[in-house]
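What follows is a short report on a single structure.
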Amino acid sequence: MSSELVRADKISMLMPKFTEKFGTDKDISLARELLLITRETRVLLGQLFLLRAMSRSKQFADACNRSAAKAGAGIVVSTLMRTLVVSTAALFDEDRRAIDVRRFLKSTLRNDRLEFLRQLHAFHGTSEQAATSAQRLIKYNRTIRRGKVSEAINALARTRNTNIAHFDMQPDITGRTAIVRDIDHVISATAIVVGEANLLVLNRKVHGPELRKILRKDASGFVDTLRRGFSIDSTARTQ
């Protein structure tokens, strides 16, 4: 037997039957939390690829600047940026009632959770794959708690709390403000963690390359459609 291969455009919210049948309340709760994290990460990745497509295409920028949509497109890009800051920071919220990928990883790597996951993978004949994913998650558990990724998470949370979620009259100026590469660092690390956790906790393999291909195609298709519309609008206004 092998892990379930999940189509990138069809992220299932179904829990593994083995977990439903044999898991404790904590095992089931862990799986549910991962399903939610996976869904939100999929949305974040779509927004990130769209932001990249809109902000990096010279053809799009030139067509936009020649049209009446210039100001509106700028609003869309800035709104995407704000949304990415808020949503990415929300995946690492320290509020006990909210999602925190760090807390999720800590729970996943507890001995009692790992013992159940070993049973899950022994049943499916995927113990070797699971052991590899567990080792990778141990590594990333350290990565997101210290170093550049941790700094990026803190910067995003600080920016959300002082400049986006509300406007702080006396903002904390002891730390740096988030920048674009912080979003890239945190979402990239989160995507890797979520992919490995899907294999370990849900016994399903998300096809990462296919997902990136789909996201890139969707974003490019949207931007190309807008660009053609801008060109038509620009031509019509000059006649």
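Here are a few things to note about the model shown:
- Scanning the stretch 122-154 for residues that are basic (Lys, Arg) and not in a helix (DSSP H, G or I), we see that the one that is nearest to the chain's Cα centre (by Cα) is Arg145.
- Any hit, the stretch 21-34, residues being of a type in the set (A, V, I, L, M), surrounded by 12 or more Cβ atoms within 10 Å (Cβ to Cβ), at pLDDT below 95 and outside any loop (DSSP other than H, G, I, E, B): no
- Restricting the stretch 105-119 to residues that are under 26 Å from the mean Cα position of the chain (by Cα) and part of a helix (DSSP H, G or I), the residue that is nearest to Glu20 (Cα to Cα): Leu117
- The residues listed here are Val76, Val149, Val101; of these, the one that is of a type outside the set (Asp, Glu), surrounded by 17 or more Cβ atoms within 10 Å (Cβ to Cβ) and farther than 15 Å from Asn198 by Cα is Val149.
- Within the set Ala68, Ala89, Ala53, the sole residue that is modelled with pLDDT under 90, closer than 30 Å to Leu226 by Cα and among the aliphatic types (A, V, I, L, M) turns out to be Ala68.
- Among the conditions (1) out of contact with any Asp or Glu (no Cβ under 9 Å at 6 or more places or on another chain); (2) surrounded by 16 or more Cβ atoms within 10 Å (Cβ to Cβ); (3) more than 30 Å from Ser78 (Cα to Cα), Ser133 misses just one, which is (1).
- Against the numbered list (1) under 27 Å from Lys213 (Cα atoms); (2) touching a residue at least 40 places away in the same chain (Cβ under 8 Å), Asp62 comes up short only at (2).
The values are calculated or read from the model by the stated rules, or taken from the named source; none is laboratory data. Given the structure is predicted, the values throughout are model-derived calculations rather than measurements. All Cβ positions, even for glycine, are placed from backbone atoms using ideal geometry, and neighbour counts span all protein chains on display.
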